[in-house]
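What follows is one structure encoded as structure tokens, with my remarks underneath.
The values are calculated or read from the model by the stated rules, or taken from the named source; none is laboratory data. Keep in mind the model is a prediction, meaning the values are calculated, not measured. Cβ placement follows ideal geometry from the backbone for every residue including glycine, while neighbour counts extend to all protein chains displayed.
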Amino acid sequence: MMRPLMLLAFLALSGVASAQEEVRFPGDAAEIKASMYRPVGDGPFPAVIVLHGCGGPDYHHTGWAQKLAGWGYVALVPDSFGSRGESSICTKVFRVPPQLRANDVNGAAAYLASQPFIAKGRIGVLGFSHGGWTIMKGVQADSGWAARGIKGAVAYYPYCDVQADRNIALPLLVQMGDKDDWTPPELCKALFASGIRQPDLVEAVYYPDAYHAFDRRGATGSVMGFGSDGTVSRHRLEYDVRATRDAEARTQAFFARLLR
């Protein structure tokens, strides 16, 4: 077991705060509970809001928050479902719709902006699956995100709507598996080929042999979920180490470019 002084030294060297902090902020018709992770030091630091998938916040999002703190960002992980008395909504994805969660992000950004250790106007958003779908709504011109100091977003395997998501007004990085059978990459490809508002704001990466949740360690198998065809069925999840490494590097470079 690591001794306390050794542990503190390790945490200081890694740049990650020793414990998460539980916070609350006003969301859309609910008070939102969130976990916050801070780098070591007084700041001010840029921040990244981490949006969980349809299963709610878990080790995957905690791991990303700790990674972001290690990169020098305050990471805030809102619990959009638990704050509303929900848990997993994978088979009922509209129980907490993405537009509602996009409004929660405005509340999260307002909370962060009120903290003295946050660098004003330097906030990013990172989302996975249902959280990525939320990002597709949040980067639209009418979402209010830009006015809250949000500079851009990274969406992992989001659902794209060709008709509703064309008014993209913030820098956006989309990363998907080309074999994803839950949030089909074909929908995002069709969206970005359809004449979106500002195509220069969007970068999309499709990993040829990767499936849904390709960056989620241990996620080999299947899960029941509401699909793009309007039915509930099983969808494949599979971890892909090469896709994960590339996607993480792209995510780090994206936030460094916009938030540093």
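So here's what we get for this one:
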item: Residues within the range 115-168 that are assigned to a helix (DSSP H, G or I), basic (Lys, Arg) and either in contact with a Ser or Thr (Cβ under 7 Å, 6 or more places away or on another chain) or under 14 Å from residue 101 (Cα atoms) (or both), tallied; result: 1
item: Residue that is surrounded by 16 or more Cβ atoms within 10 Å (Cβ to Cβ), among the β-branched types (Val, Ile, Thr) and farther than 30 Å from residue 24 by Cβ, where the choices are 96, 174; result: 174
item: Residue under evaluation residue 244, criteria (1) exposed (fewer than 15 other Cβ atoms within 10 Å of the Cβ); (2) over 25 Å from residue 190 (Cβ atoms); (3) in contact (Cβ under 8 Å) with a residue 12 or more places away in the chain, criterion not met; result: (1)
item: Test result for residue 143, touching a Gly at 6+ places or on another chain (Cβ under 8 Å) and among the polar types (S, T, N, Q); result: no
item: Search result, residues across the range 170-207 that are in contact (Cβ under 8 Å) with a residue 60 or more places away in the chain and small (Gly, Ala, Ser); result: 177
item: Qualifying residue in the range 16-33 (condition: crowded, with 21+ Cβ neighbours inside 10 Å, closer than 16 Å to residue 132 by Cα and at pLDDT 95 or above); result: no
item: All positions within the range 35-77 that are buried (at least 24 other Cβ atoms within 10 Å of the Cβ), under 20 Å from residue 247 (Cα atoms) and of a type in the set (Ser, Thr, Tyr); result: 73
item: Residues of the range 20-44 satisfying the condition of being under 18 Å from the mean Cα position of the chain (by Cα), closer than 18 Å to residue 67 by Cα and not in a loop (DSSP other than H, G, I, E, B); result: 34, 35, 36, 37
item: Residue satisfying condition, being out of contact with any strand residue (DSSP E or B) (no Cβ under 6 Å at 6 or more places or on another chain), within 30 Å of residue 233 (Cα to Cα) and crowded, with 22+ Cβ neighbours inside 10 Å, within set 87, 80; result: 80
item: Selection from the range 73-114 of residues that are within 23 Å of residue 40 (Cβ to Cβ), over 17 Å from the mean Cα position of the chain (by Cα) and touching a residue at least 24 places away in the same chain (Cβ under 8 Å); result: 111, 113
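Conditions (1) touching a helix residue (DSSP H, G or I) at 6+ places or on another chain (Cβ under 9 Å); (2) surrounded by fewer than 16 Cβ atoms within 10 Å (Cβ to Cβ); (3) not in a loop (DSSP other than H, G, I, E, B), marked per residue:
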site: 203; (1), (2), (3): yes, yes, yes
site: 216; (1), (2), (3): yes, no, no
site: 223; (1), (2), (3): no, no, yes
site: 236; (1), (2), (3): no, no, yes
site: 239; (1), (2), (3): no, no, no
site: 250; (1), (2), (3): no, yes, yes
